[in-house]
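Values quoted throughout were computed directly from the atomic coordinates according to the rules given, and no laboratory measurement underlies them. Owing to the predicted nature of the structure, the values given are computational and were not obtained by experimental measurement. FYI the Cβ positions are ideal-geometry reconstructions off the backbone, even for glycines, and counts take in every protein chain you see.
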Amino acid sequence: MAFFLRHVLVCTNEKPGHCGELGGFGLLEAFRTQVKLAGLENQVLVSKTGCTKQHHLGAAVIVHPDGVWYKGVSVADVPELVESHLKKGIVVARLQNKEIGLSKKVV
Ligand code: FES
C-alpha cells in the first residue's frame, strides 16, 4: 500500500496550443526528478493529467489535497514549487491561478 501526503497533477494534454506544447512533459520529468532529490518520493505522487481548461494561462500544475492550481509554470519554477509547497506547505503565490480551485464547502 502507498499513502501520499500530496498528489501533483501535471497537465500534458497534447492538443495543439495545450499544456503538452507549453512544456508539460518537461514539467512532469522535472517534478519527478526534484521530488526524488528532495527525498519526498514516498510522500508526493507526481502524475500527468488531462485538460482542466486553464491552458490559456500557460502550463497547468495542480496540487491536491490543497486544491491549488498553478499557471504558466516553467521547468525553472519546479525547484521552488517543490521546496516551498511540497516540502513546507507554503503555496507559491506568484504562480497560483486564483481563478480556479477547490471549494471548502459543498454548494
Ligand atoms: S491542456 Fe492543460 S489545462 Fe488545458
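The table below lists the values:
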{"read-out": "Selected from Gly39, Gly26, Val75, residue furthest toward positive end of dipole (the chain; charges at beta carbon)", "value": "Gly39"}
{"read-out": "Expected 222 nm ellipticity per residue - DSSP helices of 4 or more, -39500 (n - 2.57), all of the chain, to 500", "value": "-4500 deg cm²/dmol"}
{"read-out": "Lys53 paired with Lys15, simple spin-label distance in nm, labels 7 Å along Cα-to-beta-carbon", "value": "1.1"}
{"read-out": "Label-point separation in nm, Ser84 to Glu41, each point 7 Å along Cα→Cβ", "value": "2.6"}
{"read-out": "Isolated Cys in the chain, by beta carbon distance under 4.7 Å", "value": "Cys51"}
{"read-out": "Cβ charges +1 (Lys, Arg) and -1 (Asp, Glu), total dipole of region 6-97, debye", "value": "160"}
{"read-out": "Whole-Å semi-axes of the ellipsoid equivalent to region 47-107 (Cα gyration tensor, √5λ, descending)", "value": "18, 15, 10"}
{"read-out": "Semi-axis lengths (Å, descending) of the ellipsoid that matches the C-alpha gyration tensor of the chain", "value": "20, 17, 13"}
{"read-out": "Most mobile listed residue (Val61, Val35, Val75) in the chain, GNM with C-alpha springs under 10 Å", "value": "Val75"}
